[in-house]
């Protein structure tokens, strides 16, 4: 630790009905320290941070700030104490400007009592300049990237002189460039003496940023250590009780006949692209941000318009012009942004799972509710989603369980081809393991699986082949068993290619 604790949480306990969510948890963080908080979904991290934010009240324990016991009865009280939390689900108002978001609750007024627009803009520019964010305060915040929206929230926290800043999965939806900018800002705040609590499932970024790590499991404190005292495998064992070594292990798969074939596909800055995926095969798309991986996946699924090329499923030309066409032709897609593109957050888990299979449970337009409900329950059980969640809004579930619900939709639909874009983004190690086992099981049942992933160990570890993309084209077709991260990166960056090198097709 870099100094004496500035914030201390001692013996924090919280019960919800019969569930003991937190069991005498302790955590402390010093000024100028980045303290990582890790644990699986359901470990108690969110509950602990909600107590710190004043959203819920603890049943027992003490909160000590700068040597004094404090009560945090509300978010307003937390803010007054200099505690700010940047949530994974951002608390900005999309239809308002950047300046208006930064001024919320502190709107400057003219002498006539109206909003002083000039001062709103000037204040916003000052706040943004303080963190080096190049954003026009007049822009609608919903038009910014997730990374820039996050910078606006951080600008607000810094302007309020927060002494404690909590960052909850801050890079989950960021490009590498945006993540690098965030890392720079975190180091800047550390140097300024801010006490930072960093929640992340990404081991590599925790090792890049943190001074210490605290691990929670099942609502209890498992351990705290410095980076010198711990290693990634030890942290995983603390989180899940198992080592990381077998995370990607799977028996050798033997692919069958070709199921998906893409030829000369062009559109949305991608192409021409050729590729094929066989029954029982898992193929990964790797590449840098902007290489065209997600754009290619969306073209195949008909979510974006193609200008040339064709798609075939089991020898039948598909060439979907919309996701509706793609689903009818046997394709299913888990999009990169599950919240805005893959789920209906305010609707129940049941509705989200059954939405693409309603015809299978309908007669003359009337849905057999009992049959659909039983089918949904079966898929939930398959994915270890608790049965009682069936009527909950899917947006109320943890990130990992939302991902399971999105996957359950395509399991129920029995899609022949599954396109999974960042299938484990924002989920914990245990849920990752479950998703990997599910993908392996789908392949063994004869499905063709195409995966987009920014996690190189993942894309190599769970696939049979890796197709490396660069500048909208596939530049190399590699056997996962015979390649490593360095080779994939060499092709992704172009260091293994000459300017006029031929594209290596992926139809074999």
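None of the figures in this text is laboratory data; all of them are computed from the coordinates on show. Values in this document were obtained by computation on a predicted structure and should not be read as measured data. FYI the Cβ positions are ideal-geometry reconstructions off the backbone, even for glycines, and counts take in every protein chain you see.
Computed quantities for the displayed model
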quantity: Crossing angle, helix 176-191 versus the chain [Cα axis fit, 0-90 degrees, rounded to tens]; calculated: 20
quantity: Descending semi-axes in whole angstrom, ellipsoid equivalent of the chain, from the Cα gyration tensor; calculated: 40, 27, 25
quantity: Mean Cβ count within 10 Å, highest first, over the residues of peptides 159-167, 29-37; calculated: 29-37, 159-167
quantity: Ranked by how many other beta carbons lie within 10 Å on average, peptides 133-142, 444-453 from highest; calculated: 444-453, 133-142
quantity: Cα-based helix-to-principal-axis angle, 429-444 vs the chain, degrees rounded to 10; calculated: 10
quantity: Dimensionless Rg/Rh of region 330-473 - Kirkwood Rh, Rg from C-alpha atoms; calculated: 0.98
quantity: Nearest-ten-degree value, helix 117-130 long axis tilted from longest Cα axis of the chain; calculated: 80
quantity: Estimated D of region 5-240 in µm² per second, where Rh is the Kirkwood radius over Cα pairs and Stokes-Einstein applies at 4 °C, 1.567 mPa s; calculated: 70
quantity: Antiparallel DSSP beta bridges within region 5-240, as percent of all bridges there, nearest 5; calculated: 55
quantity: DSSP-defined beta bridges in the chain - what % are antiparallel, rounded to 5; calculated: 55
quantity: Ranked packing of 195-207, 91-103, most packed first, by mean Cβ within 10 Å; calculated: 195-207, 91-103
